[in-house]
Amino acid sequence: MSSEKHPVESVRDEKIPEDDPVAPIPHFPSEYKGDIKDELGGLEADAGSLEEEELEESIRLVPKIVRELVSMDDDPTLPTVTFRYFVLSTIFIALGAVISQIAWFRTTSASYSMFFVQIVSYWLGNIMARTLPAKDVNLGFFKFSLNPGPFSIKEHVLITLAASAGATSNLGEIIISVKDIFYKEQMHPLAAIFLMWATIWTGYSFAAIGRNFLLYDPDLIWPSALMQTTLYRTLRGEGQSLDVSKKQIRIFWLVLAGVFFWTFLPEYAFPFTSSLAVLCWFAPHNDTVKFVSSGFGGMGFLNFTLNWSNITSNIMVSPWWTQVISFVAFVVSVWILVPIAHFTGAWNGKAFPIMSNRLFMANGTKYPFRELTDEDGHFKQDTWEKYGNVYMSTYNLWGIFFGYATFLSAFVQIFLFGRKKIWSTIQHLRQRKQHSFKDRLNVLMSAYDEVPLWWYITLFICCFSTMLILIHTQDLYLPWWTYVIGVVLGGLTVVPMGFIYAISAYQVSTGTWNELIYGYMAPGTHPVGSLVYRVVAGQCWYRAQSILLDQKIGHYMKVSPRATFFSQLWGNLIGVPINYAVIRWVIDTKRPYLDDTEKDPLGQWSGQAPQSYLNQGIQYGTVGPTRLFQDTIYGPLRWGFLLGVAAPVLMYLLHKRFPRAKFNLWHSTIFFSSMENFYGNVSTGPLSSIIGGFVCMYYFFRYRHSTWVKYNYLIGAAADTGLSLAILAIFIFFGSAKIIQMPEWWGNDQESVEKCYGSPN
């Protein structure tokens with residue numbers, strides 16, 4: 001490449017091989033390697049001071065964006081699992097398990113920020129290294145040092161990985177919460193905890209399927225892993241001058257503090273700022289304007305938000321092309337299809353409240369779903385004939401439609417665009433597994449022992465046995481053989497869904513498809529049985545993705561795979577019992593909002609998640625797709641399967657015919673999955689998010705790339721951390737032991753915080 005020619009222009013002038021698409025699978029021909037990655041938001045701006053041809057071969061095999069953010073050196077002698085590790089990881093697991101479980105019951109919220117864990121654990125780890133005595137403790141069967149020396153970066157990484165595993169909510173909460181909130185069936189605490197452990201670790205064991213395909217390949221960059229890796233190095237001043245490092249830390253704390261204190265306004269004191277319904281300001285008493293502009297129960301058209309909870313750092317992590325696809329899906333779904341259905345009545349759009357996720361009878365009244373099953377969970381045919389079929393809003397109908405399309409699209413997409421990459425990986429596996437990759441990172445990691453396959457197999461057998469025992473001893477309402485099928489089918493999704501996440505940071509939902517399969521296998525069962533199947537099949541993918549993401553972070557940071565694996569199990573051992581305790585706490589204190597007895601003014605404690613899961617459990621598990629599809633309103637849903645196959649084929653053919661048009665970036669699976677998202681309770685956020693995403697992942701990535709490298713992930717981490725801490729503080733001080741309501745004033749209008757009143761009655 002000529003030094004006078006900008007790298008962007010060089011790639012544009014090159015011929016793209018038609019059989020090796022640039023995206024969505026980020027596999028680049030050798031002439032592009034390390035030069036450009038369209039998936040990350042645009043075209044890289046600087047080639048840097050060192051020309052590609054001057055780099056060592058093993059480094060040149062690493063993508064340029066990874067070289068910018070990840071160290072190419074390693075020190076295998078650094079301490080890992082230490083006394084400091086156990087103390088700090090336990091603290092952050094416990095804190096995160098509380099925050100993340102609370103967040104699951106809210107309509108919008110940021111996840112428990114691992115960047116907060118990174119920042120504070122670094123500070124506390126160094127304090128412990130300076131203050132603890134260098135004393136050996138001998139417990140007879142075990143000996144360790146209280147202070148083995150300076151706080152190492154590998155200890156730091158393992159603390160965060162343990163918190164990531166144990167401080168996040170898990171799908172087992174679906175079963176426990178739906179049983180309690182809607183059926184007043186409270187599981188025994190031990191049964192609930194073992195249920196969550198077994199479903200989580202089943203997914204962990206299935207990571208063995210995906211690690212060889214998704215972990216070692218240097219071209220699969222995992223954007224979320226890069227974000228955390230950046231902060232580790234920033235904290236320690238690696239790759240930066242001392243002045244730059246100090247400035248980065250100062251900016252981090254300023255943003256964290258700013259978002260923390262600001263969040264008290266939209267979330268508590270000044271909720272008007274949470275949803276700026278501009279059109280309502282000009283016609284506050286107009287019903288049509290209220291429906292169109294409101295971000296709480298409306299379309300959210302030209303609606304902006306100043307609440308980071310409705311935006312989050314996703315705008316600074318997800319590639320620009322992913323954000324564009326998601327926003328286009330939002331526009332099509334909420335700004336085009338919703339008003340068409342609502343104002344014209346298309347697809348029964350006027351029969352039921354279109355922005356509701358509740359179940360209805362044909363006359364529009366709430367469906368008495370509890371009466372559909374007897375005490376043993378068996379379907380009552382006479383009750384169903386009495387009340388008729390189960391109906392839902394048109395909005396929810398096309399969510400199911402695109403859910404069907406999503407699942408098939410993922411497999412077709414990966415076959416069309418990624419089959420060569422998969423075959424190449426298989427060829428590597430035939431040689432010497434990950435050691436056949438000759439890039440610098442894999443060369444460094446070859447010094448560490450890999451997690452043996454029998455560890456994963458043993459974990460799976462323990463989980464499988466535990467689930468069979470629970471199915472036969474607890475009221476889980478599903479036939480045991482459906483559980484076996486769910487495990488098998490769930491395992492098949494790990495690689496295709498993992499490819500999508502590894503390149504886009506976008507997690508594809510598989511729940512609707514799982515519910516449909518169960519509905520055909522075991523119709524007429526209790527909805528909880530359907531949800532158990534969904535959880536089992538879903539955890540195979542979701543938790544496999546989670547463990548693979550953390551292992552990719554360990555890979556970037558050169559941490560022993562066995563230490564990473566142990567940290568993930570340790571995190572769940574501590575976190576799951578705390579998850580259960582918080583589930584009980586939230587249900588006991590917020591039950592009126594969660595079961596729809598009362599309405600939360602901000603729409604945050606709407607019970608949207610458990611209600612949505614209940615709906616699908618009733619539709620597929622209790623009523624069953626055969627009965628459901630007898631009604632003509634459900635007939636069009638079947639066409640979703642055809643769309644899921646046809647759309648990626650069309651994009652592939654267009655890409656082959658017009659390779660410069662980038663049709664391969666129009667990822668049908670991500671589009672369909674985004675169309676599934678329900679914005680009926682809160683639709684404010686997407687417009688503000690796409691504006692923020694344009695600034696961060698397009699403008700700064702393209703035209704201020706050096707600034708983007710230094711500050712993009714750092715600011716996103718700080719903002720999410722401030723938000724998480726603020727939400728926890730609000731919940732503890734104003735909404736736990738004693739409910740303290742914010743006094744009503746202009747910015748906290750109890751009738752409508754947005755000033756969208758509609759016509760007076």
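The values are calculated or read from the model by the stated rules, or taken from the named source; none is laboratory data. The model shown is predicted, which means the values in this text are computed figures rather than measured ones. Cβ sites come from the backbone with ideal geometry, for glycine too, and all protein chains shown count toward neighbours. Heads up: the accessible areas ignore ligands, DNA and RNA and are worked out on the full protein's heavy atoms, side chains in. Shrake-Rupley method; radii C 1.70, N 1.55, O 1.52, S 1.80 Å.
Using only Cα atoms, find the angle between the long axis of helix 394-432 and the longest principal axis of the chain, and express it within 0 to 90 degrees, rounded to the nearest 10.
Result, in degrees: 20.
Could you tell me which of rounded, prolate or oblate describes the stretch 64-128, using a ≥ b ≥ c as the square roots of the eigenvalues of the alpha-carbon gyration tensor, with rounded for a/c under 1.5 and, failing that, prolate when a/b is larger than b/c and oblate otherwise?
It is oblate, given that a/c is not under 1.5 and a/b is not larger than b/c.
So what's the net charge close to GLY617: Lys and Arg +1, Asp and Glu -1, counting the other residues with Cβ under 12 Å from its Cβ?
+1
Highest mean first, how do 172-180, 269-277 rank when packing is the count of other Cβ atoms within 10 Å averaged over residues?
172-180, 269-277
Please give me the summed charge of the neighbours of GLN186: other residues whose Cβ is under 9 Å from its Cβ, Lys and Arg +1, Asp and Glu -1.
With Lys, Arg at +1 and Asp, Glu at -1, the net is +1.
Once a ≥ b ≥ c are taken as the square roots of the eigenvalues of the Cα gyration tensor of the stretch 112-249, is the result rounded (a/c under 1.5), prolate (a/b larger than b/c) or oblate (a/b not larger than b/c)?
Prolate, since a/c reaches 1.5 and a/b exceeds b/c.
Tell me the label only: which of [x] 80, 76, 61; [y] 95, 66, 57; [z] 75, 68, 57 is Cα extents along the principal axes in Å as calculated from this structure?
Here Cα extents along the principal axes in Å agrees with entry [z].
How about the chain: what cysteines have no other cysteine beta carbon under 4.7 Å from their own?
CYS462, CYS463, CYS540, CYS696, each lacking another Cys Cβ under 4.7 Å.
Return the calculated 222 nm mean residue ellipticity for the chain, to the nearest 500 deg cm²/dmol, obtained by summing -39500 (n - 2.57) across DSSP H runs with n ≥ 4 and dividing by the residue count.
Here the helix-only value at 222 nm equals -18500 deg cm²/dmol.
What is the percent carbon and sulfur in the accessible area of the stretch 299-444, measuring with a 1.4 Å probe over the protein chains and ignoring ligands?
Answer for the stretch 299-444: carbon and sulfur cover 61 percent of the accessible area.
First check a/c for the stretch 523-653, with a ≥ b ≥ c the square roots of the eigenvalues of its C-alpha gyration tensor; if it is under 1.5, answer rounded, and if not, answer prolate when a/b is larger than b/c or oblate otherwise.
oblate
Heavy atoms only, probe 1.4 Å: what % of the accessible area of the stretch 645-761 goes to carbon and sulfur, would you let me know?
Whole-percent figure for carbon plus sulfur exposure: 66.
What does the charge dipole of the chain about its Cα centre add up to, to the nearest 20 debye, if the Cβ of each Lys and Arg holds +1 and the Cβ of each Asp and Glu holds -1?
380 debye
Using alpha-carbon pairs under 8 Å, 6+ residues apart, how would you state the relative contact order of the stretch 547-643 in percent?
Once normalised by length, the contact order is 10 percent.
Tally up the carbon and sulfur contribution to the accessible surface of the stretch 448-574 as a whole percent, 1.4 Å probe, everything protein left in place.
72 percent
Under a Cβ-Cβ cut-off of 11 Å, what is the net charge of the residues other than GLY554 that fall near it, where Lys and Arg count +1 and Asp and Glu count -1?
Residues near GLY554 contribute +3 overall.
From Cα pairs below 8 angstrom and at least 6 apart in sequence, can you work out the relative contact order of the stretch 246-358, rounded to a whole percent?
17 percent
In Å², and per residue, what accessible area does the chain have when probed at 1.4 Å with the other protein chains present?
Here the residues of the chain average 38 Å² of exposed surface.
Relative to the first principal axis of the alpha-carbon coordinates of the chain, what is the inclination of helix 639-657, with its axis defined by its Cα atoms, in degrees from 0 to 90 and to the nearest 10?
40 degrees
Note down the relative contact order for the stretch 627-740 as a percent, whole number, built from C-alpha pairs under 8 angstrom at least six residues apart.
Relative contact order of the stretch 627-740: 11 percent.
Sort the following peptides by mean Cβ neighbour count (other Cβ atoms within 10 Å, averaged over residues), highest first: 258-267, 516-525.
Ranking the peptides 258-267, 516-525 by packing returns 516-525, 258-267.
So what are the three principal axis dimensions of the stretch 168-266 from its Cα atoms, in whole Å, longest to shortest?
Extents along the principal axes, in whole Å: 58, 46, 21.
Kindly rank 216-229, 323-336 from highest to lowest mean number of other beta carbons found within 10 Å of each residue.
Result, highest mean Cβ count within 10 Å first: 216-229, 323-336.
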